[in-house]
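Reviewing the structure listed below.
The values are calculated or read from the model by the stated rules, or taken from the named source; none is laboratory data. Note that the structure is predicted; figures quoted are calculated from it, not measured. Note that each Cβ is placed from the backbone with ideal geometry, even for glycine, and that neighbours are counted across all protein chains shown. Surface accessibility is based on the protein's heavy atoms, side chains included, excluding ligands, DNA and RNA. Shrake-Rupley method; radii C 1.70, N 1.55, O 1.52, S 1.80 Å.
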Amino acid sequence: MIRKVIYTLGQNLRNSSLKSNFLFLKKSEKWSLEKLESYQLKKLQEILSVAYNHSEFYKNKFDESNVNIYDIKSLEDIKSLPTITKNDLIQFTSQIQTNLKLKKGFLASTSGSSGESLQFFRDENADSFNRASIQRGYTWFGVNPWDRNGYFWGFNFSLTKQLKNKLLDFLQNRFRIFSYEEKSLKKYIK
């Protein structure tokens, strides 16, 4: 019970929109394929509009590729969008980030397993939606987000960040591993 209380307090402090996103995802998982695809198209069109109007990189990319984002009328039309690489994401991070002011944002980063870590800002709602989608997946297997859990992610941090992560892992009832060495795996499996 105490784990649930700690988790809920932390969730409400960090991700105030997580609960509403979670409830939306639980409701939408029962939608018909047609309704899901309609919603996906609507969200794709919104994302493209924000990208074109608020990201220097995407405006240039779409213009160079002669892509009119307002011609996207079906999910099939996604094929007309130019592709970008992880290298593009790393090299042009500041131009990719939108000029929108975030009410509340978080610095997110990838683990760097491909050789380079990518860092970017994510707004609270996007972060909450991501976490809510993970929680929804947990519900399919009867798992609560405050249950003891393992985390296959992490990389070498400064001592300060290591201590911060140890505290956050404790509060989230989580243990982490980023090594496939036998000793680490045995500890993780236990």
Problem - Residue that is surrounded by the most Cβ atoms within 10 Å (Cβ to Cβ) [pool: residues in the range 45-78 that are charged (D, E, K, R) and within 21 Å of T93 (Cα to Cα)] - result: K61
Handout entry: Matching option when the condition is at pLDDT below 85 and closer than 20 Å to H54 by Cβ, among L100, L118, L89
Key = L118
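Only one residue in G150, G112 is of a type in the set (G, A, S) and more than 30 Å from E56 (Cα to Cα), so which one is that?
Details: G112 fails: more than 30 Å from E56 (Cα to Cα).
G150 is the lone residue from the list that is of a type in the set (G, A, S) and more than 30 Å from E56 (Cα to Cα).
Can you name the residue in the range 149-165 that is of a type outside the set (S, T, N, Q) and more than 21 Å from the chain's Cα centre (by Cα) and, of all such residues, is modelled with the lowest pLDDT? Before the answer, list the steps.
Here is the first cut: in the range 149-165, the residues of a type outside the set (S, T, N, Q) are 150-155, 157, 159, 161, 163-164.
If we keep only those that are more than 21 Å from the chain's Cα centre (by Cα) as well, we get 159, 163.
On the way: L159: 81, L163: 85.
Within the range 149-165, the match that is modelled with the lowest pLDDT is L159.
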Practice task
Residue by residue through the range 127-167, note down the ones that are open to solvent by 40 Å² or more (accessible area, probe 1.4 Å), free of Cβ contacts under 8 Å to residues at least 60 places away in the same chain and assigned to a helix (DSSP H, G or I).
Solution key: N130, I134, Y138, L159, T160, K161, Q162, L163, K164, K166, L167
Problem - Selection count, the range 33-63, where residues are in contact with a Lys or Arg (Cβ under 6 Å, 6 or more places away or on another chain) and over 24 Å from K86 (Cβ atoms) - result: 0
Practice task
Answer yes if at least one residue in the range 23-41 is open to solvent by 40 Å² or more (accessible area, probe 1.4 Å), touching a residue at least 12 places away in the same chain (Cβ under 8 Å) and more than 20 Å from W140 (Cα to Cα), and no otherwise.
Solution key: yes
